[in-house]
Amino acid sequence: MKQKILIVSANYYTSITNELVTDVKKTLNKNKIQHKIIDVPGVFEIPVVIAKNIKKYDGFIALGCIIKGETPHFDFISKSSIHGIMNLSIKHKKPIGNGILTCLDKEQAYIRSNSKGKKRKGKEAAEAVIAILKI
């Protein structure tokens, strides 16, 4: 049976997320894994989209970026999104690769998302899901 993965991509920081998506798609295509992408406005919406599609896919990859500002918003969004993703993964016993960057500034986000850089977080998230699907 061919495995299917849903990529849920938060497009609030489009240029950053596009880099993550590029690396994920390359990794999934290299491994001949079917995938679909659903774009959402921000990271906070990722868990609900995964929940709505939990029965349709074998695994998921959450992509996005949260950049720290001057208010606690960064902390609330980061924690709630990651908790939501982890709870879904455990409850439904399906891998969800975490490609959500939590960065202090845009420069750090670009470095971590850049497909030419050493920190290839999109690729890492895809490889994590692939590894768990093999277990």
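Read-outs throughout are calculated quantities, based only on the coordinates presented, and are distinct from any laboratory measurement. Keep in mind that what you see is a predicted model, and the values were worked out from it rather than measured. Neighbour counts run over all protein chains shown; Cβ positions are idealised from the backbone, glycine included.
When the Kirkwood hydrodynamic radius is evaluated over all pairs of different C-alpha atoms of the chain, what value in angstrom, to one decimal, is obtained? Taking the inverse mean of 1/r over all distinct Cα pairs, the chain comes out at 14.6 Å. Taking springs between alpha-carbon atoms closer than 10 angstrom, which of ILE16, ILE96, ILE37 fluctuates most in the Gaussian network model of the chain? Largest GNM mean-square fluctuation: ILE37. Amide hydrogen proximity for GLN3: with H placed 1.01 Å from N in the peptide plane, the residues at 5 or more positions away or on another chain lying under 5 Å are GLN34. Helix 73-92 axis versus longest C-alpha principal axis of the chain: approximately 10°, rounded to the nearest ten. When only the Cβ of Lys, Arg, Asp and Glu is charged (+1, +1, -1, -1), the dipole of region 4-134 relative to its Cα centre reaches about 720 debye. Relative to the longest principal Cα axis of the chain, at what angle does helix 14-30 sit, 0 to 90 degrees, rounded to 10? So the inclination is approximately 20 degrees. Among SER113, SER78, SER15, the largest mean-square fluctuation in a Gaussian network model of the chain, built with springs joining Cα atoms closer than 10 Å, belongs to SER15.
Length gained on full extension, HIS83 to VAL48: 11.4 nm, using 0.36 nm per residue less the C-alpha separation. For the listed residue pairs LYS68/LYS134; LYS26/LYS68; LYS26/LYS93; LYS32/LYS52, the alpha carbons are over 27 angstrom apart in LYS68/LYS134; LYS26/LYS68.
Partner aspartates and glutamates whose Cα lies under 19 Å from the Cα of LYS25, excluding those fewer than 8 positions away in the same chain, are identified as ASP39, ASP58, GLU124, GLU127. Not counting the cut sites, what is the longest span of the chain without trypsin sites (Lys or Arg not before Pro) that DSSP labels loop and that have at most 14 other Cβ atoms within 10 Å? My reading of the result: 57-92 is the longest stretch.
Give me the extension gain from PHE76 to ASP39: residue separation times 0.36 nm, minus the current Cα-Cα distance, reported in nm with one decimal.
That works out to 11.2 nm of additional length.
With R₀ fixed at 22 Å, the C-beta to C-beta distance from LYS2 to LYS26 puts the FRET efficiency at about 0.75.
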